[in-house]
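Report on the structure given below.
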Amino acid sequence: GTARVYGSADGTGAAASFNNVSGITVDAAGMIYVADKFNDTIRKITPAGVVTTMAGSPGNFGSTNGTGAAASFAAPLGVAVDGSGNVYVTEDYGYQIRKITPAGVVTRLAGNSIGSSDGTSGTFSSPAGIAVDGLGNVYVTDGGTTFIHGGTIRKITPEGFVTTLAGVPDQIGQIDGTGNAARFNRSEGIAIDPSGNLVVADTYNHSIRRVTPVGVVTTFAGGRGSP
C-alpha cells in the first residue's frame, strides 16, 4: 500500500491499495490476512508483500456465501486464522461471523440478524474483535448497540453454537467477576494467550481485561474510563 492512497488494487508492495483497513492477523507461515472494510473484501499478503483478494469483490456489499469474488461481505471488521488456514471474519453491518477456507469458500458460521441471543440461532449486535483457539472455538467481542455500548464476550463452537462467556448486553461498567456478573464498555480487540485465557481491549474503559476459559474476568491493566 501507499500512504493516503486508497483503492482496491492487487499487486506487490506500493502497487497494491486498500480502503479502510480494519482487522489483521497472521498465520504460522507468515501469511497476513486483512479485513479491507470499505472494499468489503478479505485480502491476503505474502511475506514478500504480494497482495491478492482472497474473498469478496470491491463494492459488492452484502452477506452472500460463495467462493472468492462470488462471496460478499457487509463491512468486514475483524479477522482471525486457525491452524488449518481457515479465516474467520466479523461483519460490522452484517451481524454475522463468516468462515473462509484456504480455497476461498465463504460460509456463515453464526449470526443472522441483530441481537444478542445464544444457541444454534445466535445473534450479534456489534461483533468486532475475533480470535480462535486450538480447538476451533471462536471468540468475539460483541460491543453492544450504537447508543448503549456495554459489551459481551461471545463463544462460538466449530458447529456454530453461540454462548455468552462474560458480560451483559447493553449494560455498561467496569466490573470484574464471573460470567454475567462482569461488565465491559465497548470491548473491541481480543487475543488468546498460550494458557487459553482471552485478553480483551475494553475500549471505553481504557483498560485491558483478562477472561479465563470459564468466564472469570479480571482487569489486567489500565483504569476506569467513561462512556
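The values are calculated or read from the model by the stated rules, or taken from the named source; none is laboratory data. Values in this document were obtained by computation on a predicted structure and should not be read as measured data. In this analysis, Cβ positions are derived from the backbone assuming ideal geometry, glycine residues included, and neighbour counts consider all displayed protein chains. All accessible areas refer to the heavy atoms of the entire protein, side chains included, with ligands and DNA or RNA removed. Shrake-Rupley method; radii C 1.70, N 1.55, O 1.52, S 1.80 Å.
What to note about this one:
- Among the candidates Gly160, Gly122, the residue that is touching a Leu at 6+ places or on another chain (Cβ under 9 Å), closer than 20 Å to Pro76 by Cα, modelled with pLDDT of 90 or more and part of a loop (DSSP other than H, G, I, E, B) is uniquely Gly160.
- In segment 184-216, the residues that are on the phi > 0 side of the Ramachandran plot and either open to solvent by 50 Å² or more (accessible area, probe 1.4 Å) or out of contact with any Gly (no Cβ under 9 Å at 6 or more places or on another chain) (or both): His206
- When the residues of segment 8-31 are filtered to those that are part of a strand (DSSP E or B) and open to solvent by 70 Å² or more (accessible area, probe 1.4 Å), the one that is farthest from Arg98 (Cα to Cα) is Thr12.
- So Gly83, is it assigned to a loop (DSSP other than H, G, I, E, B), closer than 16 Å to Ile130 by Cβ and within 17 Å of the chain's Cα centre (by Cα): yes
Residue by residue, here is whether (1) at pLDDT 95 or above; (2) open to solvent by 20 Å² or more (accessible area, probe 1.4 Å); (3) of a type in the set (Phe, Trp, Tyr) holds:
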position	(1), (2), (3)
Gly78	yes, no, no
Asp92	no, yes, no
Tyr95	no, yes, yes
Lys99	yes, yes, no
Ser116	no, yes, no
Ala128	no, no, no
Ile148	no, yes, no
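- Total residues in segment 95-106, condition within 12 Å of the chain's Cα centre (by Cα) and not polar (S, T, N, Q): 4
- Taken together, Val34, Val5 contain a single residue that is under 14 Å from the mean Cα position of the chain (by Cα), on the phi < 0 side of the Ramachandran plot and either open to solvent by 30 Å² or more (accessible area, probe 1.4 Å) or not charged (D, E, K, R) (or both), which is Val34.
- Segment 37-57 - residue that is open to solvent by 70 Å² or more (accessible area, probe 1.4 Å) and assigned to a loop (DSSP other than H, G, I, E, B) and, of those, farthest from Glu91 (Cα to Cα): Ala48
- Any hit, segment 66-77, residues being assigned to a strand (DSSP E or B) and at positive phi: yes
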